[in-house]
1. Exactly one condition in (1) surrounded by 10 or more Cβ atoms within 10 Å (Cβ to Cβ); (2) at pLDDT below 95 is false for W52; which is it?
2. Taking segment 108-119 as the search range and keeping residues that are at negative phi and surrounded by 10 or more Cβ atoms within 10 Å (Cβ to Cβ), which one is modelled with the highest pLDDT?
3. For the list (1) exposed (fewer than 10 other Cβ atoms within 10 Å of the Cβ); (2) under 35 Å from the mean Cα position of the chain (by Cα), I need the number of the one condition that L45 fails.
Amino acid sequence: MSIPKKNKKVEKSEEDNLTTEKTKESTTSSEVDVSKNSNDSLKELIEKNIKWSQVIYNQNKEIKHRLTLMTVATWVRILLFVIPIVLAIIFLPPLLDSVLGQYGDLLNSGGGGLDINSILDSLTPDQVEQGMKLLNR
């Protein structure tokens, strides 16, 4: 068995094929390296993004809590002012009537104050003339 001699053209094409394969291997290995590097960098970026998102989430949670407390405090302040006013409107009129009635009895005014029209109607014409003379002096 003798080995047939290869044709020069066939040898050259085989060499070209080998060179091309080596080049392909080197490019694919570099592509793999690049893809690994890019995957690693993407993983790092994603991890950083997740960490920042967690920090922002925690800050937003604290801000929401503070805003809720501020809202509750505002309502408490409003109620501290409104409740006494409402209670005064409800309970003070009967208390004031009883207090004014007691002082009215002391002052002998009957709690209603002076009724000027009734006093003027009870005056006689002579008393009105005497009053006018006093005013003219």
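1. Answer for W52: the failing condition is (2).
2. Just the residues of segment 108-119 that are at negative phi, to begin with: 109, 112, 114-119.
Now narrow it down to the ones that are surrounded by 10 or more Cβ atoms within 10 Å (Cβ to Cβ): 109, 115.
Working: S109: 54, D115: 69.
Filtering first and then ranking leaves D115.
3. All conditions are met except number (1).
The values are calculated or read from the model by the stated rules, or taken from the named source; none is laboratory data. Quantities reported herein were computed from a predicted structural model and do not represent experimental measurements. Please note: Cβ atoms are built from the backbone with ideal geometry, for glycine as well, and neighbour counts cover all protein chains shown.
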